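Participant: Pasting a structure below so you can have a look.
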């Protein structure tokens with residue numbers, strides 16, 4: 001099993017990897033599909049199903065799929081151009097993707113939210129159709145946004161294409177047990193094994209530049225969030241808080257009266273800064289999703305700013321270790337809130353971050369695995385219940401607490417020798433089973449939990 005660090009950490013746009021980035025990707029995939037057809041289409045139609053319908057407006061799913069059909073990409077998103085094109089499309093009722101000419105597409109009529117049962121493959125489903133001049137369907141494709149910006153057609157999902165079928169890699173661990181066994185036999189760290197897997201697929205120059213960009217975008221997102229205040233969009237009138245918290249912490253720096261536990265406030269501020277940017281539709285890195293994008297960068301920033309002896313040269317090891325753990329969770333359970341609740345998003349992110357921190361603090365592979373297990377175990381059962389379907393409450397603070405748990409999990413693991421009762425594989429399987437049993441109300445539909453018990457207007 002191989003999932004690249006560049007698939008786990010993807011540069012994209014907020015507020016959601018599954019509900020924003022995924023539908024945008026699906027739109028572009030359909031355009032590519034259409035370009036391979038021997039005929040010219042007249043117009044396009046889209047139907048959103050499941051969680052994409054229930055929380056699509058709050059997650060900007062409608063905007064994302066429109067922009068995808070207009071040819072926009074999440075990894076080089078230009079907000080000003082996107083807004084101008086959205087206004088034009090809504091006014092003129094057409095899109096003009098490259099190589100396909102003018103296509104009729106009036107979002108008010110041709111983009112439908114279907115609040116009926118989920119499509120059979122996944123809770124995040126959408127159907128895109130091309131029609132002729134008479135309105136008859138000439139091409140149709142079903143897509144599933146399976147979390148973290150990953151998108152599969154119905155046929156790909158049924159065929160198991162979410163599992164890697166590329167060239168073999170040197171260390172193809174599919175479970176944490178296999179990962180630890182390979183580390184013991186090879187004498188390599190988890191990051192070293194992951195690096196060798198990556199280099200078997202990517203040229204070294206591209207690999208180094210790519211890893212550097214991941215952290216560059218993550219850190220820039222923290223900095224923007226710490227410098228920006230105001231009200232987040234969407235109607236809940238949620239105030240940005242990271243800037244104010246950070247300013248207060250800076251004023252208190254060096255004062256003898258500051259309690260040691262305020263380091264938690266700094267960790268939270270880093271994470272909240274990212275997720276406030278995400279909620280505002282800014283550029284973020286899926287880690288492993290947008291809804292959980294603040295945890296990994298917050299813990300990495302904590303390491304660089306506050307851990308004695310920290311060095312930027314360890315950043316690749318942190319990211320590679322985190323990606324290895326994220327790959328195990330995605331392969332054996334899920335990173336999708338619509339599939340398994342927030343345990344699959346913030347829980348997975350905390351496990352990834354805890355593993356990364358333990359690794360750069362000199363932890364053995366066993367201690368790294370223990371750190372990931374502790375962090376995931378203590379997110380089990382966490383629901384995904386965003387108020388009004390917006391990735392704001394409880395999502396922003398939840399990232400702060402997830403980062404704090406990750407740091408605590410790494411610290412606990414480093415106090416031991418790596419031996420522990422509950423294996424990471426057991427925690428991952430428990431998360432999968434819990435998500436399967438969880439009511440749909442608590443899986444990113446905004447039909448239960450805080451989403452219905454807190455006034456949202």
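Participant: In degrees, nearest 10, range 0 to 90: what is the angle between the Cα axis of helix 346-360 and the longest Cα principal axis of the chain?
Facilitator: Long axis of 346-360 versus the principal axis of the chain: about 40 degrees.
Participant: Do you know the relative contact order of the chain, to the nearest whole percent, from alpha carbon pairs under 8 angstrom that are 6+ apart?
Facilitator: Once normalised by length, the contact order is 18 percent.
Participant: Using the per-residue mean of other Cβ atoms lying within 10 Å as a proxy for protection, in what order, highest first, do the peptides 327-337, 107-117 fall?
Facilitator: The densest-packed peptide leads the list: 327-337, 107-117.
Participant: Report the percentage of all Cα-Cα pairs in region 1-78 whose separation exceeds 14 Å, rounded to a whole percent.
Facilitator: Result: 64 percent of Cα pairs exceed 14 Å.
Participant: Can you put 10, 237, 194 in order of Cβ neighbours within 10 angstrom, beginning with the fewest?
Facilitator: 237, 10, 194
Participant: Using packing as a proxy for protection, rank 27-35, 71-79 so that the peptide with the highest average count of other Cβ atoms within 10 Å comes first.
Facilitator: Answer by packing, highest mean first, reads 27-35, 71-79.
Participant: Continuing with this model, one more query. Over region 1-143, one equal point on each Cα, no solvent: what is log10 I(q)/I(0) by the Debye formula at q = 0.15, 0.20 Å⁻¹?
Facilitator: Ignoring solvent entirely, the Cα scatterers give -0.73, -1.27.
Participant: Quickly work out the residue 251-to-residue 237 label distance, labels modelled 7 Å from Cα along the C-beta direction, and quote it in nm with one decimal.
Facilitator: For the pair residue 237/residue 251, the computed spacing is 2.5 nm.
Participant: Any chance you could list the semi-axes, whole Å, largest first, of the equivalent ellipsoid that the Cα gyration tensor gives for the chain, using √(5λ)?
Facilitator: 36, 25, 20
Participant: Within region 312-343, what residues put their amide N at less than 19 Å from the label point 7 Å along the Cα-to-Cβ vector of residue 450?
Facilitator: 336-343
Participant: Order of 123-130, 37-44 by packing, highest average Cβ count within 10 Å first?
Facilitator: By packing density, highest mean first, the sequence is 123-130, 37-44.
Participant: Which distance in Å, rounded to a whole number, links the C-alpha centroids of region 251-326 and region 353-424?
Facilitator: 13
Participant: Let me ask you something else. Roughly what percent of Cα-Cα pairs across region 135-179 reach past 16 Å?
Facilitator: 58
Participant: Further question: I'd like the orientation of helix 263-279 relative to the chain: the angle between its Cα long axis and the longest Cα principal axis, in ° from 0 to 90, rounded to 10.
Facilitator: The two axes meet at around 10 degrees.
Participant: Which percent of Cα pairs goes in each bin when the distances of region 78-223 are cut into 10 angstrom slices starting at zero?
Facilitator: All Cα pairs considered, the percentages come to 8, 20, 27, 24, 14, 5, 0.
Participant: Between region 197-220 and region 62-124, what's the alpha-carbon centroid distance in Å?
Facilitator: Comparing the Cα centres of region 197-220 and region 62-124, I get a distance of 30 Å.
Participant: Rank these for me by crowding, 204, 18, 408, going from fewest to most other beta carbons within 10 Å.
Facilitator: 204, 408, 18
Participant: FRET efficiency for residue 96 and residue 429, Cβ-Cβ distance as r, R0 = 56 Å, nearest 0.05?
Facilitator: Efficiency computed from Cβ-Cβ geometry: 0.70.
Participant: Could I ask something else about it? For a footprinting-style exposure proxy, rank 207, 302 by other Cβ within 10 Å, fewest first.
Facilitator: 207, 302
Participant: Hey, if you drop one equal point scatterer on each alpha-carbon of region 277-414 and run the Debye formula without solvent, what base-10 log of I(q)/I(0) do you get at q = 0.09, 0.16, 0.17 Å⁻¹?
Facilitator: Cα-only, vacuum Debye calculation for region 277-414: -0.23, -0.71, -0.80.
Read the figures in this text as sums done on the coordinates, not as results from a lab. Here the structure is a predicted model, which is why all the values come from computation and not from measurement. Backbone-built Cβ (ideal geometry, glycine too); neighbour counts: all protein chains shown.
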